[in-house]
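Undergrad: The structure's right below; bear with me while I get my questions together.
The values are calculated or read from the model by the stated rules, or taken from the named source; none is laboratory data. All values derive from a computational prediction rather than experimental measurement. Glycine also receives a Cβ, built like all others from the backbone with ideal geometry; neighbour counts cover every protein chain displayed.
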Amino acid sequence: MLNNRVAYNVPEVAKLLGISVSKCYQLVKSGSIPHLHLDGRYIIPVSAFDKWLDNSVTGGVSK
């Protein structure tokens, strides 16, 4: 559904993360999730989101 995108909007990121849209807006507004603010809209570049997600992973897989 979201393949080959340059950027996501907040509801799309919320769905990808499995969190509420309001929680996602909180994370974006606080600067926790990288974003651009254009014409009153929050845009999350896919490359920045992917990098943020990779850097946010902690711990490892236990066997």
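Undergrad: Answer yes or no as to whether Val13 is assigned to a helix (DSSP H, G or I), touching a Cys at 6+ places or on another chain (Cβ under 7 Å) and surrounded by 10 or more Cβ atoms within 10 Å (Cβ to Cβ).
TA: Numbers: assigned to a helix (DSSP H, G or I): yes; touching a Cys at 6+ places or on another chain (Cβ under 7 Å): yes; surrounded by 10 or more Cβ atoms within 10 Å (Cβ to Cβ): yes.
Criteria met by Val13.
Undergrad: Of Tyr25, Tyr42, which residue is part of a helix (DSSP H, G or I), surrounded by 15 or more Cβ atoms within 10 Å (Cβ to Cβ) and either among the β-branched types (Val, Ile, Thr) or at pLDDT 95 or above (or both)? Explain how you work it out, then say what you get.
TA: On the way: Tyr42 fails: part of a helix (DSSP H, G or I).
From the options Tyr25, Tyr42, the qualifying one is Tyr25.
Undergrad: Still on this model: Considering only segment 45-63, how many residues are at pLDDT below 95 and of a type in the set (A, V, I, L, M, F, W, C)?
TA: Summing the residues that are at pLDDT below 95 and of a type in the set (A, V, I, L, M, F, W, C) in segment 45-63 gives 4.
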